[in-house]
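Written below as structure tokens is the structure these notes are about.
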There are 2 protein chains.
Amino acid sequence: MTISGHGSAAKSIVDELRNEIISGHLQSGERLGEMALAERFSVSRGPIREALRSLADAGLVSFAPNVGARVRRMTIEDARALYEVRAALESEAARLAASRASKDDARQLIDLLVNQEPVVRAHPHGAYLQGGGDTDFHAVISRLSDNRLITRLLFEELYPQLLLLRQQHQNVRGRGVEALHEHERIAEAISQGEPELAGMLMRRHIRESWTSLERQMASEGEG
Amino acid sequence: MTISGHGSAAKSIVDELRNEIISGHLQSGERLGEMALAERFSVSRGPIREALRSLADAGLVSFAPNVGARVRRMTIEDARALYEVRAALESEAARLAASRASKDDARQLIDLLVNQEPVVRAHPHGAYLQGGGDTDFHAVISRLSDNRLITRLLFEELYPQLLLLRQQHQNVRGRGVEALHEHERIAEAISQGEPELAGMLMRRHIRESWTSLERQMASEGEG
DNA sequence: ATTCAAAAGATTGTAAACAATCAAAGAGAA
DNA sequence: TTCTCTTTGATTGTTTACAATCTTTTGAAT
């Protein structure tokens, strides 16, 4: 679960390594030797081991006993499983948000989208997810769901893996305009207190996102 | 994520401690000092620290920096969040199983229930979940979903926490007969290849389970 | 040239000692 | 008595050293 604790040394090391993995500075499959990292961060192997375990929990690093850690390589099967779980958790979050959100909360969600609209229209195929806009939207819904477990699973396990996936298949383009439109419909359902509809729209939204990504990953194998 | 690795020492320590926590031999809130555990297992503090981190990832142990680990105390809010996530993941699993399961797989699922029926009828209020029968049913659906991430989340994070919850609120009784009947309807939907129906029935099944548990936890506060 | 085996090198797993932080006990004053 | 400050004790965080395992290299035999 990784509640939070984690000796302060390991914590900052985790953050740094996560950024380097997600940004592609550390390539997929690359070995993460404990001694090498210990020297790099001017620290002993203890905190390094703890940091690597934590990254493995987040799904960014893979282990082999007596062999060590490597930057995880995401297969297309991993990606499919990831999107299926994401659909389950986010549609549940949308459902709960529609049940529990106050009028004020819902209004805040809609305002967020109104502010994002001009930005998205300026970059129709922008990396919506990575840019923060998409993250904001889903983060707000996560908060409105009032379920800390869902929020933790999404932000500490699924989203990092999604970013890693994007990093490893670089030619993925966002669906900026379409996604924004789908967001608007979801926000509307939440603000009107319709859990079933909100959940269904969110599920469809994520399925569309996966369809788009899957197509790009497939064509990647050809070219 | 805790792929598997984990030095062999830590692995067995994790298993032992998990059993002791779930069985109630270690009470909730009890301190888990590193030195004490190191002596108990005749091992140094290194593997102990790794084991405790792993248990924290499973949600059985809570941390405070510079203070240490304790057996996690599950609040009613934790329980609610847990059941909401469980509903999301298991209904997704049922949905996927209905989409993907072969006729043979589905038949196997129904056979499982037929075999369990006489056992459940003999103990109508038995601890279905803990006894293995319920676990078997959900495990099979998990496998039929063909999604390793769902399976891992359920068996390494959610189910252990559910068992801990049961341990801390001891007067919970199962819904043996009703649950079995609901299982039969779910299995039927899966075998007939109806994802929407299977998902909906599973969601309802888990909601009923939660309603029953919530009522018992509430009455616990009174008596 | 290829394949297998054995030894050398490198890396992870574990143990033991040191440093830093926190919690509790005790003394003193209001 | 109660509150606060200080000190003491205990526990976690970190480092260093040792043991076990794996990977790679080297060599010979086919």
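The values are calculated or read from the model by the stated rules, or taken from the named source; none is laboratory data. Not measured: the values here are computed from a predicted model. Cβ sites come from the backbone with ideal geometry, for glycine too, and all protein chains shown count toward neighbours. Surface accessibility is based on the protein's heavy atoms, side chains included, excluding ligands, DNA and RNA. Shrake-Rupley method; radii C 1.70, N 1.55, O 1.52, S 1.80 Å.
Being more than 8 Å from chain B (Cβ to nearest Cβ), surrounded by fewer than 16 Cβ atoms within 10 Å (Cβ to Cβ) and within 19 Å of the chain's Cα centre (by Cα) is the requirement here; does A:N19 meet it?
yes
What do you reckon, is B:G68 on the phi > 0 side of the Ramachandran plot and buried (at least 19 other Cβ atoms within 10 Å of the Cβ)?
Spelling it out, it is not the case that B:G68 is on the phi > 0 side of the Ramachandran plot and buried (at least 19 other Cβ atoms within 10 Å of the Cβ).
Are there any pairs, at least 6 apart or on different chains, whose C-beta atoms fall under 9 Å, with the first in segment A:1-14 and over 14 Å from A:A58 (Cα atoms) and modelled with pLDDT under 50 and the second in a helix (DSSP H, G or I) and within 15 Å of DNA strand C (Cβ to nearest atom), and if so, which?
A:G5/A:K11; A:G5/B:R53
Given (1) more than 10 Å from chain A (Cβ to nearest Cβ); (2) part of a helix (DSSP H, G or I); (3) more than 16 Å from DNA strand C (Cβ to nearest atom); (4) open to solvent by less than 60 Å² (accessible area, probe 1.4 Å), where does B:A9 come up short, assuming only one miss?
So B:A9 meets the others, but not (3).
Would you check if there is a residue in segment A:42-53 being within 20 Å of A:L153 (Cβ to Cβ), open to solvent by less than 50 Å² (accessible area, probe 1.4 Å) and within 16 Å of DNA strand D (Cβ to nearest atom)?
yes
Could you give every pair whose Cβ atoms fall below 7 Å, whose first residue belongs to segment A:32-53 and is over 15 Å from B:E50 (Cα atoms), and whose second residue is among the β-branched types (V, I, T) and more than 10 Å from DNA strand D (Cβ to nearest atom), counting only separations of at least 6 or pairs across chains?
Correct list of pairs: A:L32/A:V61; A:L32/A:V71.
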